[in-house]
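Taken together, the values in this text are just the output of simple stated rules run on the coordinates, not laboratory data. Small disclaimer: the values here were computed from a predicted structure and weren't measured.
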Amino acid sequence: MSAFFGTPESQGALPEPSNFGGPPPKAGGYPLYLDEKTFWDLTHRKVAAGIHQLVGAGQPADLVSVSAVVKSQGVAASFVNSLTDSAIPDAARVAHYVGTLRTFEARRALQLAMRKLEPALADLRAELDLAELLQAAQAVARPRGGTAVLLDGSPAIIRRPLSLLGGLSYGAAWPYVRDPQGAERQALVIVRRDGRLFSDAGLNGAEPLTALGVGVDLPETPPDLRTWSGAGVARYVAGERPDPADVFRRIGAVLGHFMDFNRSFGSQADVTDLLACYALATYFLPAFEVIGYLQSSGERGSGKTHLLALLAEVSYLGTLILSSSSSATLRDLAAYGAFLAFDDAEAVMDPRKSDPLKRELLLAGNRAGVTIAMKEPSAARDGTWLTRYIAAFASRAFSAIRLPDIVLGSRTIVVPLIRSDDPERTCRNPQDPDAWPHERRRLVDDLWAAALAHLPTVRAYNAEVPRVATLRGRDLDTWRAPLAVALWLDREHGVTGLFERLEALSVRYQRERDDTEADDLTRLALLALAELVPEGREAPVVFEPSELVEVVKRLALQEGIPESEASGRYNARKLGRLLLRLRFDRAPRTNRAKRWQTTRGEVEARCRSYGVPCVPSLLEGPSEEETAQDTEGRETVTL
C-alpha cells in the first residue's frame, strides 16, 4: 500500500515535477503510485477524499466503505468496481496523502500565476527599485471601490458614568473584582436600564462591551465612595429597584438631620425638599438641557461649608473643591458631569485673582453642549500643541459671604443661612458615618439605581415643567431641574403636593431676589416703567429718559443704595441704551429731548421675560399661610 503514495523519496516532501514521468504502473486498473496526471484526476481526488472522510469519522477505510462513499459522490460504477484492496492505504498514511495533495496544488497554482505575471514583472524590474515595486504591489492589492461608509452623524459613545443615548440609559461602575489567581482590582462594568451587564473583566453573566452597540470612552476612575458599589450593581442586575419616593425622603432626612434652615427663604421642610430634589437632579443630569447653581450664603460660622460638604456627599460624583485644587482635576470632573462644590468662592469669582479655567468652569457649565476649548501639549512630546474641548455641563454649588454678581446671580439659587441655635444639629458631623440617620453607602447605591431606571421618564417631565410653572425664561432655567424632579415624584411616586410647594417657593424666591442678589439696572428700569405706565391703561405712554431716571433713583434709594452712588450710576444716556437693547420704541423727538413710548402690555411682557415681579399678584406681600408656623414651630419670614 505504500506504493499508493509514490516512491519512498516523495513521501517526505512533495516530489519535483521531474520525478513524475512515464506511464504509471497499473494494479487492477488503479495506479500503484501517483504521477502528475493522477494528482489532477478528479476521480482519484474523490477517492482520497472518501478515505479521509472515513478516517476522520473513526470508521475503517476498507474497500467496501471506500466504494460506498465514492459511489455516493457520483463516481462512475466501472471505476469503483476496478478498485482493489491494494489501492486502499492504511489510516496512518491518509493525512500525509491529503497534505501532499494540498501542497502540490498550492505550488501548482503559484507557478501558473508567476508564469502569467513574468512579462509584467520583467518590465517593472527595469523601471522600479525594490521599494517602488512593493508600493506598486500594495496599490494593486488595495480594493478599487473602497469599503468605508459615510455615517450620518457622530457615533453614540458613553462618555459619562450616567448617560442617556437613543432613549436608553447606561450606568458605569468600577467595582472590585477578584480573578482566578486571587488578585483583586477595579474593573469597568456598564449596566443598561434593563439590567443587562457588560464588561471585559470576565465576570460571570456579563456580556462583552462590544455587545453594547455603543462606544465607551471613560478613561478616568472616580473616587470609590462616590460611585456605584459592586453590591449595588448586583442588586440592580438581579432585578431590585429602589422606590424613588423613599430615596427622596432619605435625602431630605439626611439634610434636615445636619442643617438648620431657620430664617432662610422658606420653611425647614420646603428648603430641605428643594435641596433633596436638587441632589436627585444631579443624578438625572442627562435628562436636562439646563441646570441652575446653588450658593450657600451667610456670615462666618453660619454653616455654608457644612451645607456644601453635605450636598457633595449626596450628589452625583460630588466633590468639594478647595482653592488648592488643580485646574486639571476640575477639568476631568467636569467632563464626567460631576457635582462641583466650590468652597469660599470669592477668590474664584474674582477675575483678577482666580484661575481663568476655574472661573470658566464655574460660569459656563449650566447648559448642555457647552464646551471649553484649551490647548494641551501633544502626547508625542514633539513640541506641538493640540486643542481639547472639555464638556463643561454639570451641576455646581459654591459658598460665599458676599452675594453673587449679576452673571452668577441669574443662574443661582441663593440659600441664605444664619448661625443655628440648635445644639444637636451644630454638634453633628456629616463626615462621621455613624452620625447619619441612614446608611450612606446604601443611599448612594440607590441614587445610582434610581437614576438609571428612570432617566428617560424624568426627561419627559422636564419638557412638561414650562407648561405648568409660573416662572419664565432664565428665571425658570435656574429652578427647572429640581421642579422636574418634584413633578415626577408628585405624579408618579405619591409625594403629593411636592411640586405645588416648590413651585410656590420659586415664585416667592423670585419676589425676594432684591435681597439676595446685587442690584440690577434692568430690573430697576422695568420696575420704574411699571410705575410710569399705570395698570389698565391701553393707550401708549410717552416719556423722556429723565423721567425714567428719577423713578429709578427713587427705587434705588428705597433698596438701600446710597444717594451719591445712585446719582452717579443712573443717567439718561445709560437708561436710553438699555431701552434700546430691550427693544422699546422711540417716540417722535421734540426740540427739547429724545422721547420713548410703550404700553402696559409691553412692560408686563418684558417683566415676565426678565422675571421682574411688576405684576400685582407678584408684588403682594406673603400670605398668612406663607408666614405661618412651620413644622418645627419656627416662624418662616421673608428676607
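Quick check: residue separation of residue 558 and residue 577 times 0.36 nm, minus the Cα distance between them. What number comes out in nm?
Working: separation 19, 0.36 × 19 = 6.84 nm, distance 2.39 nm.
Once the chain is fully extended between residue 558 and residue 577, it gains 4.5 nm.
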Segment residue 149-residue 537, extension gain: residue separation times 0.36 nm, minus the distance between their alpha carbons: 133.2 nm
